[in-house]
Amino acid sequence: MIQRRAKSEQDFINQADLSGKQPTEDKPSTKKGRKFTSHTIQMNEEEYQLLKELAQKYCQSHSGIIRYALKALAEQK
């Protein structure tokens with residue numbers, strides 16, 4: 001059975017017109033690819049255990065925890 005559209009065609013057109021006028025931000029997207037550069041970090045056992053515990057606590061990867069920490073420190077300025 002075919003269901004009727006909840007919106008009229010004119011409402012659909014108006015909504016599409018508005019979506020093109022959304023302001024864009026100048027900040028770079030954090031969702032872009034991560035092929036810019038990479039780093040290898042030497043850690044002692046205590047630092048690695050802390051990183052591992054934080055990653056498990058917040059259900060994130062080790063890299064995700066490091067990225068979060070970088071952003072948090074940058075916002076403190």
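Only the coordinates and a few stated rules stand behind these numbers; no lab work does. Just so it is clear, the structure is predicted and the values come from calculations on it, not from any experiment. All Cβ positions, glycine included, derive from the backbone under ideal geometry; neighbour counts span all protein chains shown.
Which of the peptides 43-50, 63-70 is most tightly packed, and how do the rest follow, judged by the mean count of other Cβ atoms within 10 Å per residue?
Details: 43-50: 10.0, 63-70: 13.8.
Peptide ranking by packing, descending: 63-70, 43-50.
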Simple SL model, points at 7 angstrom along Cα→Cβ for Glu47 and Lys31; separation in nm is 3.3
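In the neighborhood of Arg67, defined by Cβ-to-Cβ distances under 14 Å, what is the net charge if each Lys or Arg adds +1 and each Asp or Glu adds -1? Please list the in-between numbers first.
Working: positive: Lys31, Lys32, Arg34, Lys71; negative: Glu75.
Taking every other residue near Arg67 into account, the sum is +3.
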